[in-house]
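Worksheet: one structure, shown below.
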Amino acid sequence: MSEPIINAEKLNLVFETADVPVHALSDVDLQINKGDFVSLIGPSGCGKTTLLRVIADLEKPTSGKIDVAGVSPEKARLNRLYGYCFQAPVLYPWRSIIRNVTLPLELMGLSRRDCQQRAKEHLGLVGLEGFENKFPWQLSGGMQQRASIARALCFEPELMLMDEPFGALDEITRDHLNEQFLRLWGSTGKTVVFVTHSISEAVFLSTKIVVMSPRPGRILKVIDTDLPPDRTLDFRDTAKFQEIAHDVRMALREGHSYDD
Amino acid sequence: MTTRVAPSGTLGQRIYAGRAFPVSVILTLVLIAWYAGAVYLNAPQVIEKFERAKIDWTVGQLIDASWSMGRPVLPSPHQVAIELYKTTVLKNVTSKRSLIFHAYVTGSSTLLGFAMGIVLGIFLAVGIVHVQTLEKSLLPWIIASQTVPILAIAPMVIIILGNMGYTGLLPKAIISMYLCFFPVVIGMVKGLRSPDPLQLDLMRTYSATPAQVFWKLRLASSVPFLFTSLKVAVAISLVGAIVGELPTGAQAGIGARLLSGSYYGQTVQIWSALVVASVLGMVLVYAVGLTERIVASRMGQRP
């Protein structure tokens with residue numbers, strides 16, 4: 001289980017803006033193993049989304065070394081190694097739900113029959129059977145986000161990159177999706193890199209929590225957790241959960257994340 | 001697709017609630033102004049005629065005569081209506097005196113030019129969006145092409161193509177195309193660039209090729225922009241076809257009717273040709289709008 005899938009060393013990324021250059025990532029070292037559920041947590045501007053986008057080859061690092069599954073992020077992207085979930089569902093409004101999910105499969109050149117079958121299967125996994133022929137606007141925000149997860153899962157990538165996928169949802173829906181997604185992760189054994197700014201979400205879901213801090217964006221602390229795999233939302237009331245949440249909060253405080 | 005709820009109630013209530021009421025109010029006002037204008041513009045000639053014939057005229061006679069002149073400055077609405085009735089319902093559609101025949105002639109070159117304009121417009125827009133040098137080199141020329149009055153260009157197009165042996169439909173369609181590709185280019189360039197960064201990032205995460213991004217994302221995003229352009233384009237395509245019929249001394253078409261009407265001072269004929277042109281224009285714009293609604297509902301647009 002300790003085979004690394006993502007390996008970053010001395011990663012730096014500087015955005016050249018009109019006035020001052022922004023140091024989005026500063027000397028980031030990170031190793032993520034196969035099967036890990038890693039949360040990147042920190043206040044806005046700490047570079048967590050940037051780090052995810054670097055892994056996804058949506059941004060190029062200014063310096064440093066990173067490989068994804070032993071190859072460069074670009075190669076990993078071209079090999080369709082990862083599925084990416086954005087903060088917004090980003091469903092194409094002119095496509096029905098099932099055709100949104102089949103989009104990556106169509107791009108990969110699968111037959112119409114295979115596309116339909118695999119999309120149906122994955123819509124079932126996220127609890128959206130019966131909504132195949134609806135259009136995105138006919139679904140609630142939570143359902144749209146589940147459709148986007150089905151879309152990221154349906155071509156069975158090894159790695160899931162998720163950028164605050166539940167960030168825009170209300171707490172009740174978010175809790176529900178957290179539980180559902182945890183079960184999904186347990187049954188598929190994929191590696192997940194999950195960006196969040198919710199401590200309880202990070203603690204509940206992760207096997208490894210990466211605490212980050214802004215200006216410049218850097219990693220403060222990596223907290224490994226060892227939680228029972230079959231945990232439910234009730235787990236958040238336990239002392240163990242509180243203890244890890246406390247550690248995360250302390251790490252954030254050390255990084256002056258609570259300062260003005 | 002916007003669905004209009006059918007108004008219920010008595011006929012009067014329905015007329016009041018629907019579109020019929022405001023439209024008929026405007027129509028009535030236009031007709032009143034038109035009749036008044038006919039009297040005002042035609043009266044000097046009528047008075048002259050009365051005085052030459054040494055007739056003691058009354059206001060009633062003046063009005064009556066100014067609404068029924070043979071070659072009025074401004075024909076009255078009922079004269080135009082009668083002329084329209086005579087040249088549409090009473091004439092065989094294959095007759096050269098039938099306005100339906102002329103509308104068909106103009107309409108066919110309008111549609112051919114419109115189709116050619118769409119193809120040219122989309123082709124140019126795709127080039128401009130994908131090749132940066134084309135945007136810099138082509139776009140200024142495209143804009144410049146529209147600053148030259150079409151009336152100046154039309155005769156040259158007709159003459160040059162006539163020399164090459166092309167007469168009739170094609171030269172007129174080319175003039176239509178010349179006018180109507182422009183809104184298509186502008187709308188499509190905007191439409192093809194309308195996908196937001198996240199929609200494009202999504203395609204990138206799938207390692208989609210530029211062709212796939214075009215077919216699966218850009219083209220679908222551009223559809224609403226395209227239809228807005230097409231409504232403008234089809235209307236000016238009709239203008240192009242009519243203008244194209246003027247310098248040739250064409251035998252058929254709404255433009256030819258306008259031209260022969262003005263040669264012989266047949267104002268009634270000119271006005272009825274104008275009415276047919278505007279009805280044709282409305283039908284074309286409506287047809288584009290209908291197509292837009294059908295396409296939009298198939299693309300899951302929110303009602």
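Of note:
- Being surrounded by 21 or more Cβ atoms within 10 Å (Cβ to Cβ), over 17 Å from B:SER108 (Cβ atoms) and either without any contact (Cβ under 8 Å) to a residue 12 or more places away in the chain or not basic (Lys, Arg) (or both) holds for only one residue in B:SER272, B:SER262, and it is B:SER272.
- Members of region B:164-221 found to be more than 11 Å from chain A (Cβ to nearest Cβ) and closer than 30 Å to A:THR102 by Cβ, listed by number: B:GLY187, B:MET188, B:VAL189, B:LYS190, B:GLY191, B:LEU192, B:ARG193, B:SER194, B:PRO210, B:PHE214, B:ARG218
- Residues of region A:27-36 satisfying the condition of being surrounded by 18 or more Cβ atoms within 10 Å (Cβ to Cβ) and either among the charged types (D, E, K, R) or over 14 Å from A:GLU3 (Cα atoms) (or both): A:VAL28, A:ASP36
- Of all the numbered requirements in (1) within 23 Å of A:VAL195 (Cα to Cα); (2) buried (at least 18 other Cβ atoms within 10 Å of the Cβ); (3) within 14 Å of chain B (Cβ to nearest Cβ); (4) not hydroxyl-bearing (Ser, Thr, Tyr), A:PHE135 misses one, and that requirement is (1).
- Any hit, region B:225-237, residues being under 17 Å from B:MET188 (Cβ atoms) and over 18 Å from the mean Cα position of the chain (by Cα): yes
- Residue match in region B:73-83 (condition: modelled with pLDDT under 90, touching a Ser or Thr at 6+ places or on another chain (Cβ under 8 Å) and assigned to a loop (DSSP other than H, G, I, E, B)): no
- Per-region count, region A:221-248, residues without any contact (Cβ under 8 Å) to a residue 60 or more places away in the chain and closer than 29 Å to A:PHE15 by Cβ: 2
- Filtered by the rule that a residue be farther than 16 Å from A:VAL28 by Cβ and surrounded by fewer than 19 Cβ atoms within 10 Å (Cβ to Cβ), region A:59-80 gives A:GLY70, A:VAL71, A:SER72, A:GLU74, A:LYS75, A:LEU78, A:ASN79, A:ARG80.
- Residue match in region B:234-257 (condition: within 14 Å of chain A (Cβ to nearest Cβ), within 25 Å of B:LEU138 (Cα to Cα), in contact (Cβ under 8 Å) with a residue 40 or more places away in the chain and of a type in the set (Gly, Ala, Ser)): no
- Members of region B:86-112 found to be part of a helix (DSSP H, G or I) and over 16 Å from B:ALA277 (Cα atoms), listed by number: B:LYS86, B:LEU112
- Test set (1) outside the structural domain of B:PRO183 (by TED's automatic domain parsing); (2) out of contact with any Phe, Trp or Tyr (no Cβ under 9 Å at 6 or more places or on another chain) - B:GLU83 fails condition number: (2)
- Looking across region A:71-94 at every residue that is polar (S, T, N, Q) and out of contact with any helix residue (DSSP H, G or I) (no Cβ under 9 Å at 6 or more places or on another chain), the one that is nearest to the other protein chains (Cβ to nearest Cβ) is identified as A:ASN79.
- Strands (runs of 3 or more DSSP E) (entirely within region A:167-240) containing at least 3 residues that are over 14 Å from the mean Cα position of the chain (by Cα): A:208-213, A:218-224
- Among the residues of region B:40-87, those that are more than 14 Å from B:THR267 (Cβ to Cβ), among the small types (Gly, Ala, Ser) and touching a helix residue (DSSP H, G or I) at 6+ places or on another chain (Cβ under 6 Å) comprise B:ALA43, B:ALA65.
- Taking the criterion of being surrounded by 14 or more Cβ atoms within 10 Å (Cβ to Cβ) and more than 22 Å from B:SER176 (Cβ to Cβ), the residues of region B:131-148 that qualify are B:LEU134, B:GLU135.
- Within region A:138-156, being surrounded by fewer than 17 Cβ atoms within 10 Å (Cβ to Cβ) and part of a loop (DSSP other than H, G, I, E, B) holds for A:SER140, A:GLU156.
- Looking only at region A:108-138, residues that are more than 22 Å from the chain's Cα centre (by Cα) and either under 23 Å from B:VAL295 (Cα atoms) or without any contact (Cβ under 8 Å) to a residue 24 or more places away in the chain (or both) come to 19 in all.
- Residue match in region A:181-196 (condition: in contact with a Lys or Arg (Cβ under 7 Å, 6 or more places away or on another chain), among the polar types (S, T, N, Q) and closer than 30 Å to A:MET108 by Cα): yes
- A:CYS46 vs. criteria in contact with a strand residue (DSSP E or B) (Cβ under 8 Å, 6 or more places away or on another chain), at pLDDT below 90 and crowded, with 21+ Cβ neighbours inside 10 Å: yes
- Residues being more than 27 Å from A:VAL54 (Cα to Cα) and hydroxyl-bearing (Ser, Thr, Tyr) - total across region B:198-237: 5
The values are calculated or read from the model by the stated rules, or taken from the named source; none is laboratory data. All figures in this text were calculated on a predicted structure; none of them were measured in a lab. So basically every Cβ, Gly included, is an ideal-geometry build from the backbone, and we count neighbours across all protein chains shown.
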